[in-house]
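Encoded as structure tokens, the structure appears first; notes follow it.
The values are calculated or read from the model by the stated rules, or taken from the named source; none is laboratory data. The structure presented is a predicted model; accordingly, all values stated were derived computationally and were not measured. Quick reminder, even Gly has a Cβ in these numbers, built from the backbone with ideal geometry, and neighbours come from all protein chains shown. Note: accessible area is taken over every heavy atom of the protein model, side chains too, but ligands, DNA and RNA are not part of it. Shrake-Rupley method; radii C 1.70, N 1.55, O 1.52, S 1.80 Å.
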Amino acid sequence: MLVVMSNTATKADIDRVCETIRTMGYTPVAMPGSSRTTVGLIGNDRRVDSSLVAELPGVAQVIHVSNLYKQVSREWKSDGTIVTIAPGVSFGGAAVPVIAGPCSVESEAQILEAARGVKAAGAVALRGGAFKPRSSPYSFQGMGKQGLELLALAKRETGLAIVTEAMDDEGAHLVAEVADLIQIGARNMQNYSLLKTVGRIGKPVLLKRGMAATIEDLLLSAEYILSEGNQQVILCERGLRSFDATARNLFDLTAIPVVHGLSHLPIVADPSHGTGRRDKVTPMARAAVAAGADGLIVEVHPHPERALSDGAQSLTLDQFTELMRQLRRVAEAVDRQVSGTPAGAA
Ligand code: PEP
Ligand code: MN
């Protein structure tokens, strides 16, 4: 249930609504908006008697939120949420920040070359997995803690924000020490214990859509994080499993406007996992920005032919530089700007 206060409601009116909700045995959440405050009721077990609040002074309307997900819904919060992961790096506003870097951290030389290269091209955050969820137990599993230390080094050297994946509860605490944005991968989108853990840690979370997850599944997973008190969630479309082997995944561009309609959370696109092929990444990155994506996450490797994971979908640094040039023009056409200034630009 959502209690929409009138735009003339006083602080005392809002406090009274919150107190009444508490007396009913539920938790109120007051959300000041641009023109009026809304008070949400958490823990609704369908036995709430809305007439107890509907008649209170300052109450304009009581809305029954019908979705299973509540706090992530646009009904709950009509203004888009802006998630700031580092000074000047925000998702959900007019800017389109680009996160780039290798699939995995492989060595000091590799991650520093990647970090310097993507920064020069205009990326504002560095991605790189230290803990890797690989389909085969015999594939490279990531450098673990040592990988995190190398990411911290890359951050010190370049100032880039860090995005890296947490695979389990214990790893989430380690990752949180280094990451500005904790990635929850497609395979863990419905790992509810991990979602609760990152909800409690309270750092921004990048929640990737599971490879066979509906948009409702994705939003319900985000709800787990918000229900722990962490509103800083960025959703990510990364493609779905399909019957067609032409591309690694079926990149669901429609998810971007659909999520914008259903939720106030920002959504970024991952055209690398979305397509699985380097030559398809640039056109789908352009399309995602045109479709309204709130940012991109792109795999870039200084030497993709030597990559220990996802080399086939990794752009070279030159290809990424050209992609960024193109994205600036696409963003401008839809009244957005790619954030970050490339080296050498005015
Ligand atoms: C990744 O970002 O490298 C990754 C493993 O992505 P996903 O979880 O989308 O497969
Ligand atoms: Mn990858």
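Assorted remarks:
- Residue in the range 98-121 that is open to solvent by less than 50 Å² (accessible area, probe 1.4 Å), assigned to a loop (DSSP other than H, G, I, E, B), free of Cβ contacts under 8 Å to residues at least 60 places away in the same chain and among the small types (Gly, Ala, Ser) present: yes
- Segments classed as strands (runs of 3 or more DSSP E), wholly inside the range 168-285, with at least 3 members that are at pLDDT below 95 and of a type in the set (Lys, Arg): none
- Among (1) open to solvent by 10 Å² or more (accessible area, probe 1.4 Å); (2) within 12 Å of ligand 2 (Cβ to nearest atom); (3) aliphatic (A, V, I, L, M), the one test that ILE297 misses: (1)
- Every residue from the range 158-174 that is in contact with a Ser or Thr (Cβ under 6 Å, 6 or more places away or on another chain) and surrounded by 20 or more Cβ atoms within 10 Å (Cβ to Cβ): ALA172
- Checking the stated criteria, MET211 turns out to be closer than 24 Å to ALA269 by Cβ, open to solvent by 10 Å² or more (accessible area, probe 1.4 Å), within 15 Å of ligand 1 (Cβ to nearest atom) and touching a Leu at 6+ places or on another chain (Cβ under 9 Å).
- Look at the range 5-20: where a residue is in the same structural domain as THR38 (by TED's automatic domain parsing) and a partner is open to solvent by 70 Å² or more (accessible area, probe 1.4 Å) and aliphatic (A, V, I, L, M), sitting 6+ places away or on another chain with Cβ atoms under 8 Å, you get THR20/LEU52.
- Enumeration of residues in the range 310-330 that are under 22 Å from the mean Cα position of the chain (by Cα) and either surrounded by fewer than 20 Cβ atoms within 10 Å (Cβ to Cβ) or closer than 19 Å to SER104 by Cβ (or both): ASP310, GLN313, SER314, LEU315, PHE320, ARG328, VAL330
- LYS155 meets all of the listed conditions (1) open to solvent by less than 60 Å² (accessible area, probe 1.4 Å); (2) closer than 19 Å to PRO87 by Cα; (3) touching a helix residue (DSSP H, G or I) at 6+ places or on another chain (Cβ under 8 Å); (4) of a type outside the set (Gly, Ala, Ser) but one, namely (1).
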